[in-house]
Amino acid sequence: MQFTYKATTKEGKTISGTAEAVNKQALLALLHKQQVHPILIEASKGKRKFSAFGPPKKVKLVDLVIFTRQLSTMISAGVPLARSLAALQDDSENPYMREVLGGVTKDIESGTQLGDAFAKYPNVFSEVYVNMVRAGEEGGILDEILKRLATQVEQDSSIRKKIKSAMMYPIVILIVTIVSFFGIMLFIVPKLAVLLTSLDGPNAKLPIYTQILLDFSNFCSKPTLLKHIPIPVIDKLPNLILLLLLFGIIGIYLLRYIRTPAGKYKFHDLLLRIPIVKTIILKVAVARFSRTFASLMTAGVSVLEALDVTGAALGNKVIEAELHAAAQEVKNGKQLSEPLSRSKHFPPIVAQMLMVGEETGQIDTVLVKIADFYEEEVSVLIDGLAAVIEPVMIIFLGAGVGLIAASVMGPIANLSKNIGNSG
């Protein structure tokens, strides 16, 4: 969110400005790092800006990867930071990225640290990204940290693309199936019901599956749910439309609830109870934990701070809470491998490998190997699912079409046979 503030510098000069931060405490930490003493901090009353046709502007992961690698190369070559950012701003093809880099460049020229400048744009630079940049600045290894960040963002992007690619086909097939089914129920089955009635009379004995199909079609097409409510147009709407509106309203409220801390935790807990989904989520979480934690440890970040930042990057609040509980035990003097060995979600091999890393002093190396292993596991699992989902969806769609065809054509064939025999 955005804040306005007034503060005094160490020279005694009063300054004011606006800044984006997760909360007031984060802004206070940012100002203290800039050696500025805040006098007044208020949440901005301005509304969050939205683009004309959708949600707030964002930067694609591929653009972030390119920017990160280029900035790392320029810093390694000894190009001043402000000049590097200005050059990358001019070269960027993404208009919003140019806007962001323009703001970051101004902050750098005014003496702001790079990590603090990035923190003002949380929709572009994640908390993990910002903290790793800060650690790189403090350790004097910013170019190396940026290389690691580029690799990490590329890995995350690759996993997301594979998951989206695997889910796209079944989602499209499912939508087409549902739309086709209700289209048949509303427009085709009622006409077939008239045909069947005209051939064998209103008291015709039909197969049970045909009768269920006709009853469901009749329910969907008739305005019976609100027929007693004297509201023009509304009382004439088919039941199907009303049910779709009801499900839409319920869906909106569920989405709003899921965005709350309690709702998000329960939703993530539910995902961890679904067999195949649970496997994918856990493997992705372990890979993210291993790579992010290893990068932070290499940058010289303390274990507790690294655990706090890494937890926020896992993408699952249940696993994040478990990692925070492990951090408390580490704070009390235990090795990280000990609480992870009792974890409900982290595989035993993670704790075992981590124990080896702790004993040999090579935690970062061990964790990178774990990340590589689980990223490969995710890739293989998603490729396997994509290969299985396609035939399963085709069978599902074929079974639905076959059931509808049997429900309709069976009685017609029987009536035709009876008419032929009686003739």
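The values are calculated or read from the model by the stated rules, or taken from the named source; none is laboratory data. Since this is a predicted model, take the numbers as computed values, not measurements. Cβ placement follows ideal geometry from the backbone for every residue including glycine, while neighbour counts extend to all protein chains displayed.
Odds and ends about this structure:
A quick yes/no check of all residues on (1) modelled with pLDDT of 80 or more; (2) closer than 30 Å to LEU61 by Cα; (3) touching a Pro at 6+ places or on another chain (Cβ under 7 Å):
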| residue | (1), (2), (3) |
| --- | --- |
| GLU138 | no, yes, no |
| ILE141 | no, yes, no |
| ARG160 | no, yes, no |
| ASN203 | no, no, no |
| PRO238 | no, no, yes |
| LEU243 | yes, no, no |
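- Scanning the range 242-269 for residues that are of a type in the set (Val, Ile, Thr) and touching a Phe, Trp or Tyr at 6+ places or on another chain (Cβ under 8 Å) yields a count of 1.
- A single member of MET409, MET355 is farther than 30 Å from ILE178 by Cβ, more than 25 Å from the chain's Cα centre (by Cα) and either assigned by TED's automatic domain parsing to the domain that holds VAL303 or touching a residue at least 40 places away in the same chain (Cβ under 8 Å) (or both), and it is MET355.
- ILE229 being at pLDDT below 90, in the same structural domain as LEU354 (by TED's automatic domain parsing) and outside any helix (DSSP H, G or I): yes
- Residues of the range 100-116 that turn out to be more than 13 Å from PHE67 (Cα to Cα) and in contact (Cβ under 8 Å) with a residue 24 or more places away in the chain, as a count: 7
- Sub-6 Å Cβ pairs linking a first residue in the range 58-79 that is under 18 Å from GLU93 (Cβ atoms) to a second residue that is at pLDDT below 90 and of a type in the set (Asp, Glu), at least 6 apart or interchain, are VAL65/GLU154, ordered by first then second residue.
- Residue in the range 328-345 that is surrounded by the fewest Cβ atoms within 10 Å (Cβ to Cβ), counting only those that are in contact (Cβ under 8 Å) with a residue 24 or more places away in the chain and assigned to a helix (DSSP H, G or I): LYS331
- Residue in the range 98-117 that is modelled with pLDDT under 85, part of a helix (DSSP H, G or I) and among the acidic types (Asp, Glu) present: no
- Inside the range 264-281, residues that are surrounded by fewer than 19 Cβ atoms within 10 Å (Cβ to Cβ) and within 20 Å of ALA371 (Cβ to Cβ) make up a count of 2.
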